[in-house]
1. Excluding residues fewer than 8 places away in the same chain, name every one of the lysines whose C-alpha is closer than 17 Å to that of Lys53.
2. Could you name the lysines whose alpha carbon sits less than 16 Å from that of Lys18, not counting residues in the same chain fewer than 8 places away?
3. Pairs of Cα atoms under 8 Å, at least six residues apart: use those to get the relative contact order of segment 112-222, whole percent.
4. For the chain, give me every cysteine whose Cβ has no other Cys Cβ within less than 4.7 Å, ordered by residue number.
5. Can you tell me the dipole magnitude for the chain around its Cα centre, using point charges on the Cβ only (Lys, Arg +1; Asp, Glu -1), in Debye to the nearest 20?
6. When we measure straight from the Cα of Lys49, which aspartates and glutamates land under 12 angstrom away, once same-chain ones fewer than 8 places off are left out?
7. Along Cα→Cβ, 7 Å out, is where each label goes; now give me the distance between the ones at Glu225 and Ser45 in nm to one decimal.
8. Counting only protein chains, not ligands or nucleic acids, how are Lys60, Lys7 ordered by accessible area (probe 1.4 Å), most first?
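The values are calculated or read from the model by the stated rules, or taken from the named source; none is laboratory data. What you see is a predicted model, and the numbers here were worked out from it, not measured in a lab. Don't worry about glycine lacking a Cβ; one is built from the backbone with ideal geometry, like all the others, and counts go over all protein chains shown. Calculation scope for accessible area: heavy atoms of the full protein, side chains included, ligands and nucleic acids excluded. Shrake-Rupley method; radii C 1.70, N 1.55, O 1.52, S 1.80 Å.
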Amino acid sequence: MTASVLKQIREDGYGIYKSFYDTSTIENLSQLFDKNAVPREFMTSDGEKIVVKSGKNLAKTARDFDEFFADPRLVSIYESILQPMELWGMKLSDTSFKNVVPGMRARALHRDDDVYPQLARELPFTANALLALDPFSEEVGSTTVVPGSHLWEHEIDQDQDTIAIDMDPGDLLILDGRTWHGHGVNTTADQRRRAINVYYCTGWCQPGHGPRCGMSDDEFVEVPEALKRFL
């Protein structure tokens, strides 16, 4: 599975690892999502404020997802994408909940690598993944991607044609940090589209939440060794 996913990422800038986790694991992670999510303000497609249960910097605020963040299969894929230098390695950069509810406005096309001022060329600076807790489809505001855009160096064109990603709960979407992506509008009446988001950066880049994801010494001690080495 890993080889075919990496082939798709090299060619299209994204890949889908089908059934990364089984139904039982996803049910448990879904419950942990609801336990750890907190109210945050977002905007609807009509420009109105809406309160949505979400979460940021989970590596600091919760220990419930460490096993996923340091999953050897995920780490192996990230290492293949980023090809980290032995001296610098790679770092955990950002971990969050994504929860697209009915009416939430679309996310514009963007590149994760653009958090850094220098555009990556031969290799990306970041790699990103979304673990689906609910079905992904165009109707629920699925992630949208521009296949092949990881090989482009020009500015992002918001009018570029995209494709909506379809996934079942337990599937994992992995993105090269240079790939243009966003998400659509959830046009359903009562379906949410939740995912757990984790991305790494090459070790010489500043991670999204700073060194050790902003943890204190006491918080850092509680991190399992499998994840601590990326902090």
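1. Lys35, Lys98
2. Straight-distance partners of Lys18: Lys7.
3. On the way: 191 pairs, mean separation 41.3, N = 111.
The value is 37 percent.
4. Isolated Cys, the chain: Cys213.
5. Details: 24 positive and 37 negative charges, 79 e Å.
Using Cβ point charges on Lys, Arg, Asp and Glu, the chain gives about 380 debye.
6. Within the straight-line limit of under 12 Å, Lys49 reaches these aspartates and glutamates: Glu41.
7. Between Glu225 and Ser45, the label points sit 5.1 nm apart.
8. Details: Lys60 65, Lys7 100 Å².
Correct descending sequence by accessible area is Lys7, Lys60.
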